[in-house]
Amino acid sequence: MQILDGIAVSAHIKSQIKQETEKLKAEKGKTPHLAAILVGHNPASEAYVGNKVRTCEELGFGSTLLRFEESVTEAQLLEEIKKLNGDNKIDGILVQLPLPEHISDNAVINAIDPGKDVDGFHPITQGKMLLGQPSFLPATPYGILLMLEHYNINTAGMHCVVIGRSNIVGTPMTVLMSRNAQPGNATVTICHSKTKDLAAITKTADIIIAAIGRPRFVTADMVKEGAIVIDVGINRIDDATRKSGSRLVGDVDYDNVAPKCSYITPVPKGVGPMTICGLMKNTLEAAKEHV
Ligand code: NAD
């Protein structure tokens with residue numbers, strides 16, 4: 001069993017991004033710049049955005065963090081996005097989800113200029129991805145592809161079972177794993193909350209990609225010997241042995257599943273750092289387009 005090490009792979013990719021960024025600055029006088037919008041004080045969202053801003057600094061990118069109270073209106077957010085769309089300094093715009101209930105995710109995402117949609121959530125971006133046209137890829141699926149590529153895992157002909165059908169992870173993952181590319185060329189099955197006898201399906205998988213949001217949901221009896229397991233889930237569970245009283249676990253019962261796998265991602269330090277790499281690669285590409 002080999003651990004797919006998100007920290008090591010992301011360090012490698014970040015050093016490449018850093019080099020390219022220095023070149024872009026020296027040759028074209030252009031500094032990639034990411035703007036992040038954070039609404040409210042959700043601790044997980046604060047942590048994710050903080051990480052993204054820190055990574056911008058590490059890579060030599062500029063960053064702008066726009067914070068709003070929970071009471072911000074949809075109209076105010078749309079106005080801010082309009083300003084960012086028109087600001088030549090800004091290459092990428094991300095809106096940290098979830099947004100408060102009175103604000104429509106779709107309205108906000110649809111307002112982002114697709115040329116600055118570095119999270120890859122805009123319908124034009126996802127439509128282009130579906131049709132195989134050049135586009136930003138949604139950050140988490142992109143990060144997973146980068147991980148598979150780094151370890152030279154040839155996915156052609158494999159049966160890939162994706163559990164979860166969200167617009168940001170599960171659904172785009174199925175598109176990317178089935179397209180005629182490497183990584184890709186897999187035979188893909190998408191499973192979700194209404195799937196009957198999930199274990200019978202996952203047991204036939206050469207690759208399982210779990211994006212469910214339920215702690216340790218994928219158990220050893222659901223996984224065949226030698227499978228590759230990619231765990232997207234980030235779930236906080238109580239843990240009295242920790243000073244904080246809690247810890248993060250994935251959607252996979254790692255301790256029992258890992259011994260059966262050929263490759264597996266841990267949580268944390270697996271897909272999470274790769275997602276940030278996907279976002280940063282998109283921002284660098286956007287900056288190159290904006291020279
Ligand atoms: P979501 O809630 O939008 O979607 C969850 C999906 O799981 C749904 O499509 C649902 O049909 C499916 N599901 C729920 N219960 C199920 C069941 N019993 N059997 C089969 N399928 C079931 O979640 P999301 O935004 O896709 O995120 C999924 C997880 O990944 C969460 O834990 C989230 O925190 C994490 N996440 C991690 C990263 C990262 O960078 N590592 C990025 C995005 C999301």
Considering residues of the stretch 28-52 that are of a type in the set (A, V, I, L, M) and either assigned to a strand (DSSP E or B) or more than 16 Å from the ligand (Cβ to nearest atom) (or both) only, the residue farthest from the chain's Cα centre (by Cα): 39
Lone unmet requirement of (1) in contact with a Gly (Cβ under 8 Å, 6 or more places away or on another chain); (2) of a type in the set (A, V, I, L, M, F, W, C); (3) closer than 27 Å to residue 291 by Cβ for residue 68: (3)
The stretch 254-291, subset small (Gly, Ala, Ser) and within 16 Å of the ligand (Cβ to nearest atom), residue farthest from residue 52 (Cα to Cα): 270
Complete set of residues in the stretch 88-112 that are more than 24 Å from residue 137 (Cβ to Cβ) and among the acidic types (Asp, Glu): 101
Inter-residue pairs, beta-carbon under 8 Å, first without any contact (Cβ under 8 Å) to a residue 60 or more places away in the chain and in the stretch 234-246, second in a strand (DSSP E or B) and away from the ligand (no atom under 16 Å from the Cβ), 6+ apart: 245/238; 246/238
Residue that is in contact (Cβ under 8 Å) with a residue 12 or more places away in the chain and farther than 20 Å from residue 5 by Cα, where the choices are 127, 226, 213, 143: 213
Pairs where the first residue, in the stretch 190-204, is assigned by TED's automatic domain parsing to the domain that holds residue 158 and the second is assigned to a helix (DSSP H, G or I) and within 7 Å of the ligand (Cβ to nearest atom), C-beta under 6 Å, 6+ apart: 191/198
Only one of 25, 14 that is within 24 Å of the chain's Cα centre (by Cα), of a type in the set (Lys, Arg), surrounded by 14 or more Cβ atoms within 10 Å (Cβ to Cβ) and not in a loop (DSSP other than H, G, I, E, B): 14
Selection count where residues are surrounded by fewer than 17 Cβ atoms within 10 Å (Cβ to Cβ) and closer than 17 Å to residue 82 by Cα, scope the stretch 28-65: 2
Filtered residues of the stretch 49-78 (kept if small (Gly, Ala, Ser) and within 24 Å of residue 100 (Cα to Cα)): 50, 63, 71, 75
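The values are calculated or read from the model by the stated rules, or taken from the named source; none is laboratory data. Given the structure is predicted, the values throughout are model-derived calculations rather than measurements. We place every Cβ from the backbone using ideal geometry, glycine too, and count neighbours over all the protein chains shown.
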